[in-house]
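Here the structure comes first, spelled out in C-alpha cells, and everything after it is commentary.
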Amino acid sequence: MLIFLFSCKNKLPKDILEQKKMEKVLWDVLKVDAYTKNYFLKDTTKNIVLENAKMQLQVFALHNITKDQFYKSYQYYLANSNLIKPLLDSIANNANKEKYSKYSTGQQADPAMVE
C-alpha cells in the first residue's frame with residue numbers, strides 16, 4: 001500500500017515536463033540568460049529582452065517543446081519545493097562539472113558560466 005501511495009504522489013500532471021527534460025531545458029534557458037546579459041548588454045543596438053526571447057524560442061524548438069509548456073512546467077516546479085530543489089541542485093552540479101572540466105582540459109571557460 002505504501003509503495004502505491006508513494007508512486008502516485010510522485011506522478012507529474014501529463015502537461016508538465018519530466019524532471020530530466022526540464023533540467024536540460026532550464027539549463028539551456030539559464031545559459032541563454034547569462035549569454036544575453038553578458039554579451040548583448042555591451043551592444044546598445046540590440047534589444048536584450050527581444051534577443052533573449054528569440055534565443056529561448058530556439059531552445060524550446062531544440063527540445064521539441066513550446067514556450068507555454070516550459071513556463072507552465074516551470075511554475076509547477078516552483079510551486080513544489082520538493083521538486084524544484086533537486087532540479088536546481090542537479091543543474092548546479094552539472095554547471096560545476098562543466099566549468100571544472102573545461103579548466104582541467106585547458107579550454108577557455110565560458111565567461112557567462114564563471115560568476
Original post:
Here are some pairs, Lys11/Lys37; Lys20/Lys42; Lys14/Lys46; Lys14/Lys54; Lys14/Lys85; Lys24/Lys46; which of them have Cα atoms lying more than 32 Å apart in this structure?
Top reply: Lys11/Lys37; Lys20/Lys42; Lys14/Lys46
Original post:
So who's got an amide H within less than 5 Å of the one on Leu17, skipping anything under 5 residues away but keeping other chains? H placed 1.01 Å off N, in plane.
Top reply: Ser73
Original post:
Going by average Cβ neighbours within 10 Å, how do the peptides 27-36, 40-49, 66-75 rank, with the highest at the top?
Top reply: 27-36, 66-75, 40-49
**OP:** Determine by what factor the alpha-carbon radius of gyration of the range 16-94 differs from 2.2 N^0.38 Å, reporting the quotient.
**Re:** 1.16
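Readers should treat all values here as calculations from the given coordinates under stated rules, not as data from a laboratory. What you are looking at is a predicted structure, and each value in this text was computed from that prediction instead of being measured. When we count neighbours, we look across all protein chains shown, and the Cβ atoms used for this are built from the backbone with ideal geometry, even at glycine.
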